[in-house]
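Some notes on the structure that comes next.
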Amino acid sequence: MTHPLAAGWFTEVFDQQGSAFSLKVKQHLEQVTSEFQTIDMYDTETFGKLMVIDGCTMVSSRENFVYHEMMAHVPLFAHPAPKRVAIIGGGDCGTLREVLKHPTVEVAYQIDIDEQVTRMAEKYFPELCESNQDPRAQILFADGIDWVKQREAGSLDVIIIDSTDPVGPAEGLFAVDFYRDCMRALAANGVVVQQSESPLYHSDSIIKKIHLDMGEAGASSSHTFPFPQVIYPSGWWSCTLASKGGDATEFRIEDAASKPFKTQYYNAEIHAAALALPEFMKRSLQLD
């Protein structure tokens, strides 16, 4: 068994953009190969535990709150009254934890194809899994594409696509047919949010295609929200939200400002600020 370690460092190389990211590692803790992918766990010098899937960094103890909070709170505050939420992917359960902070939520379905991701998170990131026993949580291990396809029309308020990169098991989650099924499953004013890769690397490719595909699938409006994510390629990430009948840039700003729970990154000002896009993204996403 081999691990991408050199002189005590884990490095993820992103060949397409000629870049790499490294963390100094204390030790390699465990490797599990599931039916779908290989999961490695590391203990790092400064970022705590680190989960790596098929050689790509997924989540660390130190910085995961930025991603999980943006993936959860942007769509939930963009919905007028979110009660029924589905998370497709997200097996580390950090997004589920954030979703269940919202008192309006009555049920949160967590659907990941790979049970091993959740088992590794329970073992190495117990803080992310602290809401797994919440009676509103329904944790399922299934194909999220099929699960959404089988939903009754109008049965969900928010769909969060907390996926890995658009290769392998997650490739079908970046497709117009899947977005069409999401739109059918959403009730009026429902929202769907997709993790949408790096603004620097993918604005004129993956991100633009997400907007086009969501529009073709029936979204009335879509918007990309950039945020920092230090362990991912370029250190800059995004989620793209689409609305069914509403405006993706509108959100319950007063509710966000007076939220009855603690966060480390998200607040009403961050949500409002993330509505602003740099000029190169505006040019890349010119969808008229």
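The values are calculated or read from the model by the stated rules, or taken from the named source; none is laboratory data. Predicted, not measured: the structure shown is a model, and the values here were computed from it. Positions of Cβ are generated from backbone atoms using ideal geometry, with glycine treated the same way; all protein chains shown enter the neighbour counts. We work out accessible area using only protein heavy atoms, side chains counted, and drop any ligands, DNA or RNA first. Shrake-Rupley method; radii C 1.70, N 1.55, O 1.52, S 1.80 Å.
Per-peptide packing, taken as the mean over residues of other Cβ atoms within 10 Å, places 267-274, 187-194, 90-97 in the sequence 90-97, 187-194, 267-274 from highest down.
Taking the Cα centre of the chain as the origin, how large is its charge dipole in debye, to the nearest 20, when only Lys and Arg (+1) and Asp and Glu (-1) carry charge on their Cβ atoms?
On the way: 23 positive and 40 negative charges, 112 e Å.
Dipole magnitude for the chain comes out near 540 debye.
Across the chain, the relative contact order, built from alpha-carbon pairs under 8 Å that are at least six residues apart, equals 16 percent.
Output the antiparallel fraction of DSSP beta bridges having both residues in segment 19-128, as a percent to the nearest 5.
Beta bridges within segment 19-128, antiparallel portion: roughly 75 percent.
For the chain, the share of DSSP beta bridges that are antiparallel, to the nearest 5, is 65%.
Give the dimensionless ratio obtained when the Cα radius of gyration of segment 168-288 is divided by 2.2 N^0.38 Å.
1.07
Computed over protein heavy atoms with a 1.4 Å probe, the accessible surface of the chain works out to 42 Å² per residue.
Within the accessible surface of segment 1-83, defined with a 1.4 Å probe on protein heavy atoms only, the carbon and sulfur portion equals 49 percent.
Ranking Val52, Thr38, Cys182 by Cα position along the charge dipole of the chain, where only Lys, Arg, Asp and Glu carry charges on their C-beta atoms, puts Cys182 farthest toward the positive end. Summing charges over neighbours of Ser222, with a neighbour being any other residue whose Cβ is under 13 Å away from its Cβ, gives -1 when K and R count +1 and D and E count -1.
When the Gaussian network model of the chain links Cα atoms closer than 10 Å, the mean-square fluctuations of Asp255, Asp114, Asp213 top out at Asp255. Using all pairs of distinct alpha-carbon atoms, the Kirkwood hydrodynamic radius of segment 47-174 works out to 14.7 angstrom. In segment 210-288, Cα pairs under 8 Å separated by at least six residues give a relative contact order of 27 percent. Using θ = phi - 60° in the Karplus curve 6.51 cos²θ - 1.76 cosθ + 1.60, the 3J(HN,Hα) couplings for segment 149-161 round to 4, 8, 5, 5, 4, x, 8, 10, 9, 9, 10, 10, 9 Hz; x is entered for Gly and Pro. Loop-resident chymotrypsin sites (Phe, Trp or Tyr not before Pro) (DSSP state other than H, G, I, E or B) in segment 228-288 with no more than 13 further Cβ atoms inside 10 Å of their Cβ: Phe261.
Considering only Phe77, Pro135, Trp9, the residue lying farthest towards the positive end of the dipole of the chain is Phe77, judged by Cα position with unit charges set on Cβ. From its DSSP helices (H runs of at least four residues, each -39,500 (n - 2.57)), the chain gives a residue-normalised ellipticity at 222 nm of -7000 deg cm²/dmol.
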